[in-house]
Amino acid sequence: MTDILEEIIAHKREEVKRFKEQLSEHDIHRMVEPLLDFRPASMATALRESSSGIIAEFKRRSPSKGWIKEEGKAEIIPLSYQQHGAAALSILTDEQFFGGCDAFIKAARTAGVTIPILYKNFIIDEYQLFQARLCGASAVLLIAADLTKLECRSLLTIAHELGLEVLLETHAEAELEYAELEPDMCGINNRHLGTFITDVQTSFRLADKLCTACDGTSAPVLISESGISDPTTVRALRSAGFRGFLIGETFMKTVDPGQSLSNFISQL
């Protein structure tokens, strides 16, 4: 079976190279500099203070399932998520595999979204951190499987310098040592990034080990990602120590994702 993650990262390297040719590193640094006078709302704080902890995801497509909601509008669904009780948002910005783009975050902000937004992409280069800050994100995703520990440390440091929080994602026990880098949030992805097979038991299996890996550091917010479709699962995950629950397809595949979120929260 083809490793989808390897294919995505290979394409991402070419994509970043092309972005740099279109807008130089010097120019994007200059464009971001005026934004550094204010700090985006904290996603970690929003999750700690939320009674639901739901991170509602705007995800129109996936490599494994194809189009989920091709007609989904970034100026409509994210705002509806906010109005129906989301603690934070995740917006896919990868175009090739997920049908997203940076402009979706800009559109959501212009429409009135004020809650924290996670820039959901496969970040391998600091240039992408500047893209995230420029389009209005509050936090970025760093995936342990994509990066060496040294690369992850460097990107985390730069993200913080830009005022962005970091969600560090793991999906295997061998990656839990990355938690010692002290990210703002630690996520366990229940979806295997090579095969895209999903098993929510991954979060329960790794929860205690992740807490142990974080021992001695400032405690990050724990987030369970992918494969969550039942409020009872959220309640069980909360009992296991999680405070954030990233849910996308469960809502996006319905006629009204915002109302589906509201119904889900009401059952919590």
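Do the conditions hold for G99, that is, is it outside any strand (DSSP E or B), out of contact with any strand residue (DSSP E or B) (no Cβ under 8 Å at 6 or more places or on another chain), at positive phi and not hydroxyl-bearing (S, T, Y)? No, not satisfied. Residue pairs whose Cβ atoms lie under 6 Å apart, separated by 6 or more positions or on different chains, with the first residue in region 84-109 and touching a residue at least 24 places away in the same chain (Cβ under 8 Å) and the second of a type in the set (D, E) and open to solvent by less than 10 Å² (accessible area, probe 1.4 Å), are S90/E57; G100/D94. Here A179 fulfils each of the conditions (1) surrounded by fewer than 18 Cβ atoms within 10 Å (Cβ to Cβ); (2) under 23 Å from L5 (Cβ atoms) apart from (1). Looking at region 165-172, is at least one residue at pLDDT below 95, more than 17 Å from the chain's Cα centre (by Cα) and open to solvent by 30 Å² or more (accessible area, probe 1.4 Å)? The answer is yes; a qualifying residue exists. Of (1) in a helix (DSSP H, G or I); (2) over 23 Å from F196 (Cβ atoms); (3) open to solvent by less than 10 Å² (accessible area, probe 1.4 Å), Q131 satisfies all except one. Which? Exception for Q131: condition (3).
Within region 214-268, the set of residues being assigned to a helix (DSSP H, G or I) and of a type in the set (G, A, S) comprises A236, S239, G258, S260, S262, S266. Being of a type outside the set (G, A, S), under 30 Å from P34 (Cβ atoms), over 18 Å from the mean Cα position of the chain (by Cα) and open to solvent by 30 Å² or more (accessible area, probe 1.4 Å): is that true of E151 here? Against the criterion (of a type outside the set (G, A, S), under 30 Å from P34 (Cβ atoms), over 18 Å from the mean Cα position of the chain (by Cα) and open to solvent by 30 Å² or more (accessible area, probe 1.4 Å)), E151 qualifies.
Residue count for region 37-65 under the criterion of being assigned to a strand (DSSP E or B), small (G, A, S) and open to solvent by 20 Å² or more (accessible area, probe 1.4 Å): the result is 0. Could you list, in sequence order, all residues of region 223-236 that are open to solvent by less than 10 Å² (accessible area, probe 1.4 Å) and over 15 Å from F264 (Cα atoms)? Hits for region 223-236 are I223, S224, E225.
The values are calculated or read from the model by the stated rules, or taken from the named source; none is laboratory data. The structure displayed is predicted, hence computed values, not measured ones. Please note: Cβ atoms are built from the backbone with ideal geometry, for glycine as well, and neighbour counts cover all protein chains shown. Only protein heavy atoms, including side chains, enter the accessible area calculation; ligands, DNA and RNA are left aside. Shrake-Rupley method; radii C 1.70, N 1.55, O 1.52, S 1.80 Å.
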